[in-house]
Amino acid sequence: MNRRPLDVTYTNRVEYAHAWDVQKDIVGKVDAGEVRETLMLLQHPPTYTIGSQQHPEHLLLTPEQLKAQGISVFQIDRGGDITYHGPGQLVGYPLIMLGNREALDLHGYLRSLEEVIIRLLASHGIEGSRKPKYTGVWVGNLKIAAIGVKFNKCKHRRGFVTSHGFAFNIKSGIQHEGFQGIVPCGIQEYGVTSLEDCTQQTFSVEQIAKEIVPYFEEQFSFAAEWQSHSL
């Protein structure tokens with residue numbers, strides 16, 4: 001099978017605004033053929049991002065409480081509702097071409113991102129699943145990974161370049177941190193969980209970043225090359 005090259009980076013902590021700027025820069029360069037498709041893996045400091053559905057009532061904290069807790073808020077250009085990013089969570093931003101070599105299937109892309117995480121969970125003996133009404137990955141009725149993306153229409157060729165991506169909860173207790181200040185993804189009837197809470201084992205976020213790449217390669221037919229530079 002002919003696999004496209006994919007640059008992969010991992011950065012332990014990146015301010016959200018900087019990572020967003022880097023995404024937009026790489027999207028334009030992938031479109032123009034100036035850089036290779038890229039998977040950015042990283043952690044953010046405590047941050048809420050509000051997607052295009054725009055439900056400000058799902059943010060439960062006042063500006064004073066946000067400041068006291070050191071949580072930043074960004075209104076961004078991905079789909080979906082509000083979610084939390086923070087330490088102990090693996091965030092992945094695939095910046096890849098869709099519709100150039102293969103048939104364009106935007107919903108299929110979301111299902112493929114879910115499948116990457118479902119297969120990684122299976123390797124740790126955890127049954128991940130989908131819920132028909134919602135995007136993301138679940139363990140029972142608890143959400144372990146949120147997904148929200150943007151499809152950037154190419155200017156230089158046919159197709160789209162993806163941005164934003166997934167947020168996969170790794171460390172135990174993350175559901176008691178920033179998630180308490182929001183209605184996660186606008187879903188009130190279900191809670192969230194983490195890989196450590198599901199397995200009763202301890203993981204570093206960087207370890208899971210390394211583990212997830214082969215599943216991403218397999219699902220999207222890439223040959224990954226780890227890059228030594230960080231953001």
Under 12 Å, Cβ to Cβ, from residue 137 - net charge with Lys/Arg +1 and Asp/Glu -1: +2
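With both partners inside the chain, how many of the DSSP beta bridges are antiparallel, as a percent to the nearest 5? Display every interim value, and only then the final one.
Values: 30 of 46 bridges.
Counting only bridges with both partners in the chain, antiparallel ones make up about 65 percent.
How much accessible area per residue does the chain have, counting only protein heavy atoms and a probe of 1.4 Å, in square angstrom?
Working: 10560 Å² over 231 residues.
It amounts to 46 Å² per residue over the chain.
Quick one: length gained pulling residue 4 to residue 74 fully straight, 0.36 nm per residue minus the C-alpha distance? Working shown, then result.
On the way: separation 70, 0.36 × 70 = 25.20 nm, distance 3.28 nm.
Going from the current span to full extension adds 21.9 nm.
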Segment residue 211-residue 18, extension gain: residue separation times 0.36 nm, minus the distance between their alpha carbons: 67.0 nm
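With all protein chains present, how much of the accessible area of the chain (probe radius 1.4 Å) comes from carbon and sulfur, to the nearest whole percent? Could you put the intermediate results ahead of the total?
Working: 5170 of 10560 Å².
Within the chain, the accessible surface is 49 percent carbon and sulfur.
For the chain, with only Lys/Arg (+1) and Asp/Glu (-1) charged at the beta-carbon, what is the dipole magnitude about the Cα centre, in debye rounded to 20? Walk me through the intermediate numbers first.
Values: 22 positive and 25 negative charges, 118 e Å.
Here the size comes out at about 560 debye.
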Label assignment, Rg/Rh (Cα atoms, Kirkwood Rh) derived from the structure, set (1) 0.94; (2) 1.03; (3) 1.07: (1)
DSSP H segments from the chain that extend 15 Å or more along their own axis, Cα-based, with Kyte-Doolittle mean of 0.5 or above: 106-123
Lysines with Cα under 20 Å of residue 24, excluding same-chain neighbours fewer than 8 positions away: 150, 153, 155
Most mobile of 122, 17, 68 in a GNM of the chain (Cα contacts under 10 Å): 68
Difference of contour (0.36 nm per residue) and Cα-Cα distance, residue 105 to residue 190: 27.7 nm
Fluctuation leader among 110, 60, 195 - the chain, Gaussian network, Cα springs under 10 angstrom: 60
Estimated inter-spin distance, residue 227 and residue 119, nm [label 7 Å along Cα→Cβ]: 2.3
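Is it possible to state the helix-based mean residue ellipticity at 222 nm for the chain, with each DSSP H run of 4+ residues giving -39500 (n - 2.57), the sum divided by total residues, to the nearest 500 deg cm²/dmol? What is it? The partial results should precede the final answer.
Working: 5 runs with 63 residues, N = 231.
So the helix-based figure for the chain works out to -8500 deg cm²/dmol.
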Among 39, 95, 66, residue whose mean-square fluctuation peaks in a GNM of the chain (springs only between Cα atoms under 10 Å): 66
Cα-projected label distance for residue 67 with residue 157, points at 7 Å along beta-carbon direction, nm: 4.8
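The values are calculated or read from the model by the stated rules, or taken from the named source; none is laboratory data. From a predicted model like this one, the values you see are computed outputs, not experimental measurements. A quick note on method: Cβ atoms are made from the backbone with ideal geometry, for glycine too, and the neighbour counts reach across all protein chains shown. Just the protein is used for accessible areas: all its heavy atoms, side chains included, with ligands, DNA and RNA removed. Shrake-Rupley method; radii C 1.70, N 1.55, O 1.52, S 1.80 Å.
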